[in-house]
1. When the residues of segment 58-108 are narrowed to those that are away from the ligand (no atom under 16 Å from the Cβ) and within 16 Å of the chain's Cα centre (by Cα), which ends up farthest from Leu14 (Cα to Cα)?
2. Of all residues in segment 136-191, how many are part of a helix (DSSP H, G or I) and in contact (Cβ under 8 Å) with a residue 12 or more places away in the chain?
3. Only one residue in Leu39, Leu32 is within 12 Å of the ligand (Cβ to nearest atom), closer than 26 Å to Pro147 by Cβ and among the hydrophobic types (A, V, I, L, M, F, W, C). Which one?
4. Scan segment 17-28 for residues that are surrounded by 12 or more Cβ atoms within 10 Å (Cβ to Cβ) and away from the ligand (no atom under 12 Å from the Cβ) and report the count.
5. Can you give me the number of residues within segment 113-126 that are within 16 Å of the chain's Cα centre (by Cα) and loosely packed, with under 15 Cβ neighbours inside 10 Å?
6. Please go through segment 20-49 and give me each residue that is of a type in the set (A, V, I, L, M) and in contact with a strand residue (DSSP E or B) (Cβ under 9 Å, 6 or more places away or on another chain), ordered by number.
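Read-outs throughout are calculated quantities, based only on the coordinates presented, and are distinct from any laboratory measurement. Keep in mind the model is a prediction, meaning the values are calculated, not measured. With ideal geometry, Cβ positions are generated from the backbone for all residues, glycine too; neighbour counts draw on all protein chains shown.
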Amino acid sequence: MGEIVDTVGWRLILERARDKAVNHNTASFVQLATFDPKLGAQVRTLVFRGFADDGESLLMATDGQSAKLKQVRHDKRSQIVWYLVDARQQFRFSGELVSVGHATRDQVERLALWRSLSYATRSSFFANTLGELEGDVNAKVLSDGAPESFVMLKLVVTEVDHLDLNLNPHQRHRYVRERAHWKIERIGLND
Ligand SMILES: Cc1cc2nc3c(=O)[nH]c(=O)nc-3n(C[C@H](O)[C@H](O)[C@H](O)COP(=O)(O)O)c2cc1C
């Protein structure tokens, strides 16, 4: 049995943990796991780019050719683990990973994310598979129109496992989405 909470309690705890980061760039690196039918679990580092308009889905950016997109087409279930070193807290987000590319009908969030990216990050979407820029891409990089290669990833979170190493014994809570609410329960370290 868990306590029902209306607000996204984990979001507040996460923001406080992020505030403690000494280096805000490295504190935005998350590890995303997907499932490949041939290779099994696949994990890699991505930059967390912010929350979606719903206030709780995690946004990332990737290239349209990347293997993770093929994996997501096969199985949307994904997990992100985020360890905030300075805050000594781990968050494990489970849910479905949605990819929003150039052909997706609603472009509002994708274009807003594109506009928020730095010049250097935008440039990478005009590089070939070896990471080399071909020709003068300056005008395209500065354009508010995103290239086809730019894909927004959105993890629609249904469960959050929060581990706090600051307390002794360490404390672990599980937040589970239940329709419009989140249910929170304290769980054992090995549950
Ligand atoms: C610090 C760091 C940040 C990264 N950020 C991203 C990112 O935001 N988006 C991305 O697609 N890949 C990023 N990568 C590269 C991925 O880890 C991965 O190598 C690449 O996306 C290909 O993964 P895939 O073949 O599983 O699709 C980053 C790598 C590192 C080390």
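1. Glu96
2. Taking segment 136-191 as the starting set, the residues that turn out to be part of a helix (DSSP H, G or I) are 138-142.
Next cut, in contact (Cβ under 8 Å) with a residue 12 or more places away in the chain only: 140-142.
Qualifying residue count for the region: 3.
3. Working: Leu39 fails: closer than 26 Å to Pro147 by Cβ.
The match here is Leu32.
4. Residues in segment 17-28 being surrounded by 12 or more Cβ atoms within 10 Å (Cβ to Cβ) and away from the ligand (no atom under 12 Å from the Cβ): 5 in total.
5. Kept after step one, since they are within 16 Å of the chain's Cα centre (by Cα), are these residues of segment 113-126: 113-114, 116-117.
Subsequent filtering for residues that are loosely packed, with under 15 Cβ neighbours inside 10 Å retains 116.
Qualifying residue count, segment 113-126: 1.
6. Going through segment 20-49, the residues of a type in the set (A, V, I, L, M) turn out to be 21-22, 27, 30, 32-33, 39, 41, 43, 46-47.
The answer is Ala21, Ala27, Val30, Leu32, Ala33, Ala41, Val43, Leu46, Val47.
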